[in-house]
Structures are given as structure tokens and as C-alpha cells.
Amino acid sequence: MTRQPQAVDGGTSAELWVRADVPGGSNDRQERLYERALDVDAYADVRTRLVPNRFSLSGVAADSPAGSTISDLVVDAKRWAASAGVDLDPYLPVTDESSLACTDTRRVLTFPSVTLVERDDEGITHVAPHVDDGRVVSVESRLAALAADEDSPDDEPDAVLARS
């Protein structure tokens, strides 16, 4: 069994999957998003997980404890996406690759520069980036939406019609 990140004290936790090998300038973006996630009061805990640019889904790396953990996390994220009716495939694509030296192919997962994974005691509750009904939900837009929810608390209770 692999160790999965859990929510702290029944609250929602956030984990930023930060890609190790990113194009120039992305390190600053990763740092800004981490700081922004810390500033959002929606999370009881914010952690980071260093992920590779590309991850082979078979072989020695995939069979290692760290590789198994990454594979399990991606499976959980894709399971959440299926239940939420959103698409993670553009941001966590799996492709078949083969080298020039051999004819064997392998399945490879490519990570974006940063992925936000939210979870509670029940499991994953949100992953960004993703596509929802043709609209991209980026890490930035998710954190902005959470911050906006904090800035405009709902002071009035929901009205409920009651019939006697």
C-alpha cells in the first residue's frame, strides 16, 4: 500500500504537484502558485510533491515505491475527473513512445508545470487544471475562485419555502 496525502483534521488539504524540469520562467510561476495556495484560507494544509516532466507507466521507475505513489495519485485524480464529469487528459496526457533503438513501446505520462490537487477525508475533491464543459479551469482560476468565496461570505441563510 502506498502512502497517500490525507486531509489534516478533517479539513481540505492541497497538494501542488510541481514538475521538476520546467521551461524558463515556470519556476517563478510554481512559487507564486504555492504562495497563493498558502494565502487561501480554504486549506488546512498545503504541500508540494516534486514530479518528473515525463513518467513511464512501466519499468523500474514505475515499480519503485515513489513511482507507485505517483501512479496511484494519477489514477485517483482521473477517477475524480470521471466522477465530476471533467477532462484531465489534456493536462495529464498518456502517450505511447518507442525509441529508435528498439521496437518496444511504452506508455508515458506527461505532467504540466504545476497541478493543484485538493482532498478531504473522502479523497480527491478537485484537480486543476482540467476542462469543464469546454472551459479550462487553471490552477490560477481555481485559487482565485476560492479567494473570491472568502471575500464574499454568504451572510444570509438560504431561503427555504415551507408549507404547512
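The values are calculated or read from the model by the stated rules, or taken from the named source; none is laboratory data. These numbers were taken from a predicted model, which means no experiment stands behind them. Here Cβ is always computed from backbone atoms with ideal geometry, including for glycine, and neighbour counts include all displayed protein chains. These area figures cover heavy atoms from the full protein model, side chains too; ligands, DNA and RNA do not enter into them. Shrake-Rupley method; radii C 1.70, N 1.55, O 1.52, S 1.80 Å.
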### Task
May I ask you to give the percent of accessible area on the range 1-145 that is carbon plus sulfur, with a probe radius of 1.4 Å?
49
### Task
At q = 0.25, 0.26, 0.28 Å⁻¹, work out log10 I(q)/I(0) for the range 83-143 with the Debye formula, treating every Cα as an identical point scatterer and leaving solvent out; two decimals please.
-1.06, -1.11, -1.21
#### Entry: Cα-based convex hull volume of the range 46-156 per residue, rounded to whole Å³
143
### Query
What FRET efficiency comes out for the pair L50/S83, r = Cβ-Cβ distance, R0 = 35 Å, nearest 0.05?
0.80
### Query
Which whole-Hz couplings ³J(HN,Hα) result when phi for each residue of the range 61-69 is put into the Karplus expression 6.51 cos²θ - 1.76 cosθ + 1.60, θ = phi - 60°, listed in order with x for Gly and Pro?
4, 5, 7, 6, x, 5, x, 4, 5
### Query
Extension gain V131-S68, at 0.36 nm per residue separation less the Cα-Cα distance, in nm?
20.1 nm
